[in-house]
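Asks: Pasting a structure here, questions to come.
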């Protein structure tokens, strides 16, 4: 990513917006690589090719960058829960919708969701993100409980454990899924997974809901 | 864990063994907390209550500690693959056996497997561990392919994706599973999971093989 000339933001508001987005993308990459705690403004300066004072022209603080990045994961995830198909109909169908759409958000917002899943809770922003994650998990867990009460979810596994395993499956995508043509390959990758969001959502729903056994 | 008096190891070989194990356990806890790269001998000294020279009395290096810890995960995992039920019979049954036993190893060796799953590949030892993980994954992936060829695994999801989702589910245990009565609770934990290794293995096999839907 080429560094824009410092200061052009003032004269071109459109460019400034663009610059802020570029800085955010660079920051997210560095946060994922080094961990948020292990990233300094110096690292962000080096990675973005901007001096620290230019960086501060675009952003208020490292934590503000994290907040903006995490909002790009948290917002769309909660939008899923607000969709009509997530709130009307049989619980098992709502659950299936939420799983399918969560996978889609995860694929579309891969770096932001990756960051969300690695947050530790050392700062105000991280604690906010953890609380949002917990709220999301609680909503899905309640759907599993409701579907189990309807007799649509197997009753020989505790719904809390079902929810954990379901999220285990979904969240693992950030470790191994890379969009077709992406140069990034997960450390333990053994193959290519050129699936789009829809195919991936179908795969997760099939395995999680009906199992791998034929 | 109380710090043993420095030097007693020389006079009591049994104690020395015990001390080395204690140092290893402390080190694994610190490695998981701070990351291996983020851990110095100073951190290990503080956490163990031993001076650096006492530490070097028990261990050769930080990397040697990591190697010993990772061997405690890798060894039992490969032992599973060598069990008769993993090499004879129908592929789907061998796969089920491997999944059930992998879950058991994961529970019994929780901190060591947690460390294994977080290894980055910056040192010789980490690269060795990553290669062992890949070999384990490849063996399981081959079982899935064989079971699919037998017509026992659904054919509407790529076996490579099935394998990934299966490991996603299994590996997530290190994030949320805590043995009954354990003081450690995962950041996003919403409940208690006092399941033993057997019950947990059953739960994973049921959800992964037959799905959560009734």
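Each reported figure results from applying straightforward, stated rules to the coordinates on display, with no laboratory input. Since the model is a prediction, treat every value here as computed from it, not as a measurement. We place every Cβ from the backbone using ideal geometry, glycine too, and count neighbours over all the protein chains shown.
Asks: Would you mind ranking A:59, A:170 so that the residue whose beta carbon has the fewest other beta carbons within 10 Å leads the list?
Replies: Fewest to most other Cβ atoms nearby, the residues stand as A:59, A:170.
Asks: What are the label-to-label distances in nm, one decimal and shortest first, from residue B:78 to the same spot in the other copies, with labels 7 Å along Cα to Cβ?
Replies: Between copies, matching label points for residue B:78 lie 4.9 nm apart.
Asks: Most exposed first by the Cβ proxy, i.e. fewest other Cβ within 10 Å, how do A:135, B:96 rank?
Replies: A:135, B:96
Asks: Relative contact order (percent) for chain A, with alpha-carbon contacts under 8 angstrom and 6 or more residues of separation?
Replies: 18 percent
Asks: Spin-label point model (7 Å from Cα, Cβ direction): what's the residue A:71 to residue A:29 distance in nm?
Replies: So the two model labels end up 2.3 nm from each other.
Asks: What does the helix-only formula give at 222 nm for chain B: each DSSP H stretch with n ≥ 4 adding -39500 (n - 2.57), the total divided by the residues, and the result rounded to the nearest 500 deg cm²/dmol?
Replies: It lands at -21000 deg cm²/dmol.
Asks: Which order do B:102, B:88 fall in if you start with the one that has the fewest other Cβ atoms within 10 Å?
Replies: Least crowded to most crowded, the residues run B:88, B:102.
Asks: Follow-up. Between chains A and B there is a rotation axis; tell me the chain A residue with the nearest beta carbon and how many whole Å away it sits.
Replies: A:211, 2
Asks: Still on this structure, I have one more. Can you give the percent of C-alpha pairs in region B:66-210 whose distance is more than 19 Å?
Replies: 53 percent
Asks: Expected output is a single nm value to one decimal: the length gained when fully extending between residue A:128 and residue A:88, i.e. 0.36 nm times separation in residues minus the C-alpha distance. What is it?
Replies: Working it through step by step, the gained length comes to 11.6 nm.
Asks: Measure nothing fancy, just the Cα-based angle from helix B:159-171's long axis to the longest principal axis of chain B, in degrees from 0 to 90, nearest 10.
Replies: It works out to around 40 degrees.
Asks: Residue A:118 label points, 7 Å along Cα→Cβ, one per copy: pairwise distances from this copy to the rest in nm, shortest first?
Replies: Here the equivalent label points are 1.3 nm apart from this one.
Asks: Using only alpha carbon positions, build the gyration tensor of the protein assembly as shown, then give the equivalent ellipsoid semi-axes as the square roots of 5 times its eigenvalues, largest first, whole angstrom.
Replies: Ellipsoid semi-axes (Å, largest first): 34, 34, 20.
Asks: Would you mind listing the distances between the residue B:21 label point and the same position in each other copy? Use 7 Å along Cα-to-C-beta, nm, one decimal, shortest first.
Replies: Nearest to farthest, the other copies are at 5.8 nm.
Asks: Express in nm, to one decimal, how much length is gained between residue B:214 and residue B:61 on full extension, taking 0.36 nm for each residue of separation and deducting their alpha carbon distance.
Replies: 49.8 nm
Asks: Ok, one more. Return the average number of partner chain Cβ atoms within 10 angstrom of each residue Cβ along peptide B:76-84.
Replies: 0
Asks: If you don't mind, another one. With everything on Cα atoms, drop me the angle between helix B:124-149 and the longest principal axis of chain B, reported from 0 to 90° to the nearest 10.
Replies: 20 degrees
Asks: Another question, then. Need the C-alpha centroid separation for region B:137-163 versus region B:33-57, integer Å.
Replies: First find each Cα centre; the distance between them is then 43 Å.
Asks: Over region A:47-112, what is the relative contact order in percent, taking alpha-carbon pairs closer than 8 angstrom and at least six residues apart?
Replies: 32 percent
Asks: Another one. Nearest 10 degrees is fine. How inclined is helix A:62-82 to the longest principal axis of chain A, computing both from alpha carbons?
Replies: With rounding to tens, the tilt is 30 degrees.
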